[in-house]
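Participant: Got a structure here, written out as structure tokens. Questions coming.
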Amino acid sequence: MAVDRREIMISAAPDEVWAAIGDPAALSSWFPGIVSAEVTGTSRVITTASGLRLPEEIVTNDPVRRVFAYRLTAPLIRDHLGTIEVRDAGFGQVLVRYETRCEPDSIALMIGGACGSALRELRRQLESSSPLASASPGGATPGGATPGGATPGGASPGSTSPASARGAA
């Protein structure tokens, strides 16, 4: 099973970022290539720009921990878990981590690439509308890094590069 992790720093309040991520029906507003997301209870069906409909099961939607997790249940996917975490990184910055665990491995890498694009679009939208984007100490840095260039956990500032690993889930 392949694991693909993407993360990005966003100059916004954690609750503002969570409002976008924690609303499962709003996915199409920040995830390029997804045109709709229909939610019924713990089921979500996303529709891609090409018309492909993908059923999902919402596993976790926790506003206290700011964690959203879902499983793609489409027949071409043997096993999948997508997890998005929103963490307050201080200094007016939020770290968003998007992890995809998937089999077959090639699908994980494809989904991971799309998730990286989605995180960049989410940052673009939120930073253009957030008063924190210009009010953080020293202003927003080009990569979205915290002051001093360090990011929590040693992550690359504003990185959406994959940190892929293969192994047991």
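Participant: On the principal axes of its Cα set, how long, how wide and how thick is the stretch 44-118? Give whole Å, largest value first.
Facilitator: 42, 23, 22
Participant: Also, I was wondering about something else. Using alpha-carbon positions, what is the distance between the centroids of the stretch 74-114 and the stretch 31-61, in Å?
Facilitator: The stretch 74-114 and the stretch 31-61 have Cα centres spaced 15 Å from each other.
Bear in mind these aren't lab numbers, they're just calculated from the coordinates by the rules spelled out. Just so it is clear, the structure is predicted and the values come from calculations on it, not from any experiment.
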